[in-house]
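Peer 1: My questions will all concern the structure given below.
Bear in mind these aren't lab numbers, they're just calculated from the coordinates by the rules spelled out. Because the structure is predicted, anything quoted here is derived from the model rather than measured. Here the Cβ positions follow ideal geometry from the backbone for every residue, glycine too, while neighbour counts run over all protein chains shown.
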Amino acid sequence: MTNWQIWMDHYGYLGVFLALFAHFIPTELIMSYAGFLVATNQLSYVVMLATGVIGFVLSQLVLYGLGYFGGERLLRVLTKWLHVRPDRLQRAEHNLRQYGGWYLLLPPLWKTVFAFGAGTVRIRLTTFLLSTALSFTVWSLLFMTSGYYLKERWDLVATFAMKHVSWMVVFVVLSVLVIRCWSRKRD
């Protein structure tokens with residue numbers, strides 16, 4: 001058992017909330033383990049989900065604020081520290097400017113870069129918060145439910161997701177595009 005798991009076991013809801021501020025722990029692991037905690041410790045599924053979503057959104061709001069007020073200079077320093085290639089950063093900024101909230105609906109895989117970028121390019125705060133909350137709610141439901149039903153084998157789904165994340169992203173992007181095209185045809 002790792003330190004963050006011991007911490008989450010000991011603090012329950014608060015442990016999940018605080019773990020989401022630790023950007024070096026993948027959210028897939030945190031929320032899968034949260035599902036396991038709900039199943040084994042008689043915790044409330046709804047309260048755990050709400051705690052996770054609120055914790056994630058607040059952690060992203062801090063990063064958004066740093067990008068918003070720190071601007072380009074802070075973003076350059078952090079991308080060097082996080083080893084983000086300049087071409088990827090430019091592509092992310094371009095997509096954030098062009099697609100805004102739709103781009104933020106991608107799974108919270110690049111949460112740090114997206115939040116800084118959204119603040120830097122000044123995406124509307126309400127758009128940022130709604131997109132982030134919606135994206136992470138869906139993400140959390142997937143991983144918490146898996147952790148809940150897998151119990152002691154909760155890490156299987158998180159390990160699978162981390163290995164096959166690129167296919168998951170393609171699936172989500174295609175789903176968003178299909179929904180967007182379908183809604184345009186309906187109008």
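Peer 1: How much FRET efficiency would the formula 1/(1 + (r/R0)^6) give for I6 and Y45, where r is the Cβ-Cβ distance and R0 is 25 Å, rounded to 0.05?
Peer 2: E(calc), rounded to 0.05, equals 0.70.
Peer 1: Which number comes out as Rg/Rh for the stretch 9-87 once both Rg and the Kirkwood Rh are worked out on C-alpha atoms?
Peer 2: Here Rg/Rh amounts to 1.10.
Peer 1: Something else now. Could you check the spin-label model distance between F69 and L174? Points 7 Å from the Cα along Cα→Cβ, value in nm.
Peer 2: For F69 paired with L174, the spin-label model returns 4.3 nm.
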